[in-house]
Structure formats: C-alpha cells, structure tokens
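Notes for the one structure printed next.
The values are calculated or read from the model by the stated rules, or taken from the named source; none is laboratory data. Bear in mind the structure is a predicted one, so any value in this text is a computation, not a measurement. In this analysis, Cβ positions are derived from the backbone assuming ideal geometry, glycine residues included, and neighbour counts consider all displayed protein chains. Surface accessibility is based on the protein's heavy atoms, side chains included, excluding ligands, DNA and RNA. Shrake-Rupley method; radii C 1.70, N 1.55, O 1.52, S 1.80 Å.
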Protein chains: 2
Amino acid sequence: MNNVFDKKYLYLIVVSTTNVLSIVHYRIKPMFLSGRKRKFMTKKKEDRRISRTRRLMHEALMTLIVEKGYETITVQDILDRADVGRSTFYAHYRDKDELLLSSFELLRTLFEQQQQALFDSRRTGKEPEVNFVLELFRHTGQHHKLYKAIAGKQSGEMILKYLHRYLYTMLIEPLTELNRNKKSPPVPIEVTTHHLISTLLSLMTWWLDNKMPYSAERMDEIFRILTAPAIEAAFSRKMEKKEYESIAGEHPTGGVNAFYSLFIDSVCCPDK
Amino acid sequence: MNNVFDKKYLYLIVVSTTNVLSIVHYRIKPMFLSGRKRKFMTKKKEDRRISRTRRLMHEALMTLIVEKGYETITVQDILDRADVGRSTFYAHYRDKDELLLSSFELLRTLFEQQQQALFDSRRTGKEPEVNFVLELFRHTGQHHKLYKAIAGKQSGEMILKYLHRYLYTMLIEPLTELNRNKKSPPVPIEVTTHHLISTLLSLMTWWLDNKMPYSAERMDEIFRILTAPAIEAAFSRKMEKKEYESIAGEHPTGGVNAFYSLFIDSVCCPDK
DNA sequence: TTCATTAATGAACAATGTGTTCGATAAAAA
DNA sequence: TTTTTATCGAACACATTGTTCATTAATGAA
C-alpha cells in the first residue's frame, strides 16, 4: 500500500540551487502504472465515484441505444445524457465500443454466477425444465424495443458478433463432449455449432425486423424444424423429440434466458 | 432537348438600369433538376468523362478493399488512388456507401443480362447442369483474398445485407410459385427462404474466417446436410437427392455463380 | 476531523474526416 | 465553331474523436 509504484499521483518539487520554485500535483499516465494490482485487489471495494460514473454512462448508453440506435450515438451524446465530463469518459473507456463491451462483460459475470447457482441447485433439487430458445423468443417479444435497437437491421452487428462468440464458447465444449465417444459426425462439430447459433440469431433478427408476425411459440417450433437435422448431423443419428428437448434445455444453455433476463429487467429497460 | 429545364448550366446576366455588370456561368444544383430524363435517356450514350471517372473510382475502391478493408477506407484514399478531384467524387455519389452499392447495381445489371441470355439459350439447347452452391464455394476459394476482404469478419456487413436482399428477391418468387398448389408448409416460405440464404452466407463467412479448412466440395456437402430439412419443410415432403439438385441448379439461382464470375474476373480482381 | 490520495471537471487543443461551394479550365457534344 | 457539361482544386464549415492539464471536489484511512 505504501509502495510508491502503486500510487497514481505524485508531487513534483521543482527547485533551483537556492529556492523551491513550485510544487506540482501530477497524475501518472495509466500506461506507466504497473497494472498487476488488479488481480490482488478484486476484494478491495471500489471508489464510490467510479461505480457511480460507470453506472451513469452505462445507463445513458442503454437508453440512447433504444432511442436512436447504437451506430448513430456519439460520445458527446453519452456525456450529455450521463452528465459526465469528457475526460472522465476517456479515463474509463477507450471508446464507445469498449463501454458497450464492458456492459456485456458485466452481464456475463452476473450470468455466470446465476448459472453456477442454478447448476448447484440441481445437485440437490430436481432438474428444472427450461426451453431456452422459447424463453428467448418470449423475452425478445416482450422487450422488442430494446432488442430491436441492439440487434435489428440498422445496428448491433457488433453485439450480434459478441453474442455469437459468447454462445459459441458456451456450446462448443459440451457439444464436443457429447460427441466424444461416437463415430465422426457427417458435419464437423464446430460447423454445426456455428450453424445452430447463426440460425438462432438470424431467425431472431428476421423476427424483429418483420414486426414479429408469429408468436414466440411458433418461432421456437420453426427453429426446431429448421435445425433438427443439424442436430441429427451433430450426433450422427436421428433424435427423438423428447431427447432433443432435453438437450436444448440442458446445462449450459438452459440459463441463457436468465442472461437476457438480467440484461433486460435489472439493468436497462426504460420502457417498463 | 431545347427545353430550358433540361439544361444543367445557365448564364446569369447581372444588370443595373444602365449597364451589364457581369455574366456568370452557373451550375444548377442537382436537387433542382427534373430527373425525369433518365427514363427516356437510357439509350443516349454517356459522356466519356463520366464513365471514365466512374470506372476509375470503382477500380480504386475495389483494390483498396482488398488492401485494407472497406471500413477503414476514407474518401481521400479513393480520390488519391483514382486520381480524381474531391468535388468530382461528390458530383457522382453521395458517399462511400453509395459508390459501393453502385458497383453492385452495375454488376446486377450485367448479371441479369447474362442470366437472360442463359435462360433464352435453354429454350433451344439442352438444360445446363449447374450446382450454384458448389460453384460459389469454388469461386470463393479461388479468390478468397477479395471475398474475405468484402465478406469477412471485419468488414462487409453492408455487402452481406445487400447480397442477402438480392438473393432473397431472386429466390422468393420461384419458391413461392413452386409451393402454390400444395398444402400450407410447416414453415412459412419467407422464413425458409431467409434461412437458406442466411445459412449459405454464414457458412461462407465461417469458411473464409477460418482459413478454409475444408474443400469447396465438402462445404457444399455440409450445406446440403444442414439445409435439406429446410427444403423439405418448404415443400412439405422429403425430397430425393436428385430432385433437390435439380432445384438448386435451376433458374434463377443457377446463374448466381455467373454473378460472382463477373464480379471477380471481369471487373476488379487485382491478384490475377 | 484531518489529510494524503484519487476522481471528476471542463475548456482548450490537435487531428482527422466529411460534404459543400465556386471560379476556372478542359473536354465533349451538337 | 459554339454550346454545353464535367472536372479540378482549394477553401470552407462542420462534426467527431481522443488528449492534455490545471483546478476542484470527493473519498477513505488514520
């Protein structure tokens, strides 16, 4: 704590041979900070001002996304809405994208915690039945304004990519695991995984961009019809409907709707 | 022709009560031009300078896309490469995007002509067998540099959307037609069409982004395995392989590789 | 409460990019 | 040749980004 190299500010004392000329309070540029601290300081509580500022900017971004779409938002918009100084913004995030990703990182952490809790609870209680695709469509329908803003036509490529990557890393491992003891599938597992996620996201954006002409239940059904063969391909055999459902509802995908729940309900939904 | 309202320039004669003070050669702003002309002037040959300038800018854009990706290109880059004045650029296109789309519009016209020729030739000769998906993958593989630049990870969302829209309008009509006399399919035909195209494009980008680990033939096979059920769904019944192929190779999709041929070979390929 | 440390402020600044304007010049078409 | 049109190019206004730094205020630890 008293290590000089952990300080973020220092005093420069300017002297001549006879006098102290001045004392300057100087902020050390972040690039010169060691940075090792972060690992050991997870438990140290954050400065109130920091969390307050970050929360304000986060909220501002979310409401602005709904209002005018991510792409057209300028940093200045965020500053005005959050009522935060320009230099403050850049003290926290390199740019607009980093702010957005930071929000998602936050949510990911929350989601993983929730998922862990769910996973733990299964060991004692009975298995919860969750059809995550259906729940995802339902939730999207209920909060289509925000979803459309972040995943619709004119915005959100970045978020879609992020989601894609995220779902991929979540799915690839268990799917590979399930496939381990079987003969090599007709379609490589990575391709199947990629395809499943692409299909889900493309159905979702189609739905949003076309004013949601079908119910969430119907969309879920459509998803099943269109992807059943991909899943067959992944597992080298036909699957009974029940079996498919058990996979779709299983860990770790089962909690993805929880991810969206967190995103929508507790963090940023302005039309509620 | 002698209609004053067709002129693009006019002379302003500035006078006082006693003198002619000056004569100004004034260019009428495009927004005030009637614009009706275009329809009737398709046959009128274009000013050499116009086609030359457009060609230069078009070529500049294409080589730059390969070099550094669409997103990072500035208008100035294009001007430098094409050796064209700034105001000239804006006299032709509103912005960078419009230039890009204009290239595609141009290609679409060429493609449609070629398609028409192909269609006509069928009436007399025998049916050509074309598997457009396979040809597409092959061509992509051969010219992956350009394809990756325009459709890969870090760029080309816009082009993918354009391609999507384009393929959609090409496919939706014949697919609907094929479905007319059958009972209503389990999946709406618009959704199926959208899904087929999404799958093709997402497989394509995956392939490009992952250094093309499989052969074009394999990718074509994968595409079939993954989408066979979607096509089943569209036609409410199982399809024999032969039947599927005949649809995939049929008008109007059969010529899509020609579209890519034109794009790659005759217009813009710098690494050839 | 005190005080060392740290965060926020805000105005100024450089840098980059966009799209427009207009007089002058050159090229094309009639 | 004459009329019409396209190009040039430099200047301009404007928007946006990201940085800098002296000043002020908040925070938390002792």
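With distances taken between every two different alpha-carbon atoms, the stretch B:4-96 has a Kirkwood hydrodynamic radius of 16.3 Å.
Enter the accessible area per residue of the stretch B:4-96 (Å², integer; probe 1.4 Å; all protein chains in place). Let's see the in-between values first.
Values: 7370 Å² over 93 residues.
It amounts to 79 Å² per residue over the stretch B:4-96.
When A:R48 is represented by a point 7 angstrom out along its Cα-to-C-beta vector, the spacings to that point in the other copies are 7.8 nm, nearest first.
On association of chains B and A, roughly 2200 Å² of accessible area becomes buried (total for both chains; probe 1.4 Å). Work through the residues other than B:S198 whose Cβ is under 13 Å from its Cβ and net out their charges, Lys, Arg +1 and Asp, Glu -1. Result for the neighbourhood of B:S198: 0.
Take B:17-26, A:204-213, B:134-143 and order them by the average number of nearby Cβ atoms within 10 Å per residue, most first; the result is B:134-143, A:204-213, B:17-26. Dipole orientation for the stretch B:4-96: of the candidates B:L61, B:V14, B:T74, B:V14 has the Cα lying most toward the positive pole (charges on Cβ; Lys, Arg +1; Asp, Glu -1). Across the copies of the chain, A:L178 has label points (7 Å from Cα along Cα→Cβ) spaced 3.0 nm apart, shortest distance listed first. For the rotation carrying A onto B, the chain A residue whose Cβ lies nearest the axis, with the distance in whole Å, reads A:P229, 2. Each Lys or Arg adds one and each Asp or Glu takes one away; over the other residues whose Cβ falls under 12 Å from the Cβ of B:R48, this sums to +3. Peptide B:65-75 has a mean shielding of 0, counted as Cβ atoms of other protein chains within 10 Å of each residue's Cβ.
Solvent-accessible area of A:K161, all protein chains in place: 80 Å² (probe radius 1.4 Å, heavy atoms, ligands and nucleic acids excluded). The same position A:V20 in the other copies lies at 8.3 nm from this copy, comparing label points 7 Å beyond Cα toward the beta-carbon, shortest first. Rounded to the nearest 20, the Cβ-based charge dipole of the stretch B:4-96 about its Cα centre (Lys and Arg +1, Asp and Glu -1) stands at 700 debye. For the stretch B:215-234, heavy-atom accessible area (probe 1.4 Å) falls by no less than 30 Å² from the chain alone to the full protein assembly at B:R218, B:I222, B:I225, B:L226, B:P229.
Here the Karplus curve 6.51 cos²θ - 1.76 cosθ + 1.60, taken at θ = phi - 60°, turns the phi angles of the stretch A:62-79 into couplings of 5, 5, 5, 4, 5, 5, 9, x, 4, 4, 8, 6, 9, 4, 4, 4, 5, 4 Hz, with x standing for Gly and Pro.
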